[in-house]
Amino acid sequence: MDTLEELNSKGFVEEKIDPTLDLFEEIEKLKKEKNAIVLAHYYQEPDIQDIADYIGDSLGLSQEAAKTEADVIVFAGVHFMAETAKILSPEKTVLLPDFKAGCSLADSCPPHLFKKFKEKYPDHVVITYVNCTAELKALSDIVCTSTNAVQIVESLPKDTKIIFGPDKNLGAWVAKKTGRDLVLWNGACMVHEIFSREKITKLKSRHPEAKFIAHPECEEAVLEMADYIGSTTGLLKYSINSDAKEFIVATESGIIHQMEKANPTKTFIPAPPNNNCACNDCPYMKRNTLEKLYLCLKNGLPEVTVPMDIIEKARKPIERMLEISASLGL
Ligand code: SF4
């Protein structure tokens with residue numbers, strides 16, 4: 001077994017697994033034994049989505065986990081999501097199958113630099129997208145999701161000065177939708193910035209009946225072409241409610257597993273990136289595997305912890321968002 005240091009440098013427990021084991025069965029057994037639940041983000045590989053107790057967007061998953069009596073949460077997602085689960089359930093143990101499952105968007109906003117940025121705008125309210133570190137949430141007034149960002153901004157009086165971070169694309173889209181002048185932090189998600197407007201145009205001409213649907217973390221030039229813009233959950237719901245038979249999907253490709261399960265007669269085409277790589281697969285999300293999930297549940301490692309003072313500070317902007325959402329009936 002690795003020391004904690006070795007484990008953190010590798011990201012996961014390295015141990016040989018008996019190839020005859022049925023991992024699905026073993027994970028189910030361990031879940032019962034340890035009173036654990038498995039959360040899977042929509043961007044996880046299909047096997048992980050299929051073994052999960054809850055599948056969804058990051059905040060929704062953490063809220064579901066907080067409602068349960070489980071002692072252990074295995075968050076098959078990325079580090080900031082596991083931190084959010086810990087903020088909402090400080091008494092539970094939160095595990096992440098691969099400790100190195102980070103996030104380019106969260107990394108694009110180091111808290112010490114954001115703190116200095118914020119000091120330049122002392123009379124501004126700070127709204128941060130939930131895709132950020134616990135430390136960044138602790139520096140914020142209100143957290144938002146891609147589902148409620150527009151309504152959260154609109155809930156504030158028109159003359160409120162606002163800093164929005166860390167995603168500049170989501171921020172620019174919210175500014176456009178609300179007509180507000182937001183001060184944006186210059187962060188972005190590497191997966192959502194990779195789509196090629198030119199290749200999407202060609203793909204649309206080959207599939208003229210297809211609806212082009214996109215996540216608001218995409219660049220403006222891509223969003224301008226979309227028939228529908230929404231959060232990952234929003235895109236999934238749209239695919240279910242729409243009469244269209246074909247969809248070109250501009251977000252991480254993992255969501256297509258749930259879209260195909262919910263719509264077996266419809267066709268989903270991942271929007272092409274601007275080169276030949278599989279760049280619309282998030283490399284961080286895909287660090288988690290069924291094997292790592294099994295080992296993490298078996299060994300109770302790697303564990304994600306957040307200092308109690310940060311938990312307390314980071315909880316407040318999340319609660320503020322939930323209060324505003326409840327008052328708006330969202
Ligand atoms: S898809 Fe983007 S925002 Fe989501 S975890 Fe990956 S890098 Fe971060």
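The values are calculated or read from the model by the stated rules, or taken from the named source; none is laboratory data. For clarity, every value in this text was computed on a predicted model and none was experimentally measured. Cβ placement follows ideal geometry from the backbone for every residue including glycine, while neighbour counts extend to all protein chains displayed. The accessibility values were calculated without ligands, DNA or RNA, using every heavy atom of the protein model including side chains. Shrake-Rupley method; radii C 1.70, N 1.55, O 1.52, S 1.80 Å.
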Query raised in the report: Which pairs break 27 Å Cα to Cα here: LYS86/LYS118; LYS115/LYS298; LYS261/LYS298; LYS31/LYS286; LYS92/LYS298?
Result: LYS115/LYS298; LYS261/LYS298
Requested in this report: Compare ASP167, ASP243 by solvent-accessible area with a 1.4 Å probe and give them largest first, with all protein chains kept in place.
Outcome: ASP243, ASP167
Query raised in the report: With point charges of +1 on the Cβ of Lys and Arg and -1 on the Cβ of Asp and Glu, referenced to the Cα centre of the chain, which listed residue (ILE127, ILE73, MET285) lies farthest in the positive direction of the dipole?
Result: ILE127
Query raised in the report: How much space per residue, in cubic angstrom, does the convex hull of the C-alpha atoms of region 195-270 take up?
Result: 74
Query raised in the report: Counting Lys and Arg as +1 and Asp and Glu as -1, each charge on the Cβ, what is the dipole of region 1-130 about the Cα centre in debye, to the nearest 20?
Result: 800
Report summary line: Carbon plus sulfur, as percent of the 1.4 Å-probe accessible area of region 195-270, comes to 49
Report task. Could you tell me the accessible area of TYR129 in Å² (1.4 Å probe, neighbours in place), rounded to the nearest ten? Result -> 10
Requested in this report: Calculate the spin-label point distance for ASN275 paired with GLU26, positioning each point 7 Å from the Cα along the beta-carbon direction, and give it in nanometres.
Outcome: 3.7
Requested in this report: First select every other residue whose beta carbon is under 9 angstrom from the beta carbon of GLU14; then total the charges, Lys and Arg +1, Asp and Glu -1.
Outcome: -1
Query raised in the report: In debye to the nearest 20, how big a dipole does the chain give about its Cα centre with +1 on each Lys and Arg Cβ and -1 on each Asp and Glu Cβ?
Result: 1020
Query raised in the report: Based on the alpha carbon coordinates of the chain, what radius of gyration and maximum Cα-Cα distance (Dmax) apply, in Å?
Result: 19.8, 64
Query - the chain, accessible area per residue, ligands and nucleic acids excluded (1.4 Å, Å²) - result: 44
Requested in this report: Quickly rank 183-195, 103-115 as a protection proxy: mean count of other C-beta atoms within 10 Å, highest first.
Outcome: 183-195, 103-115
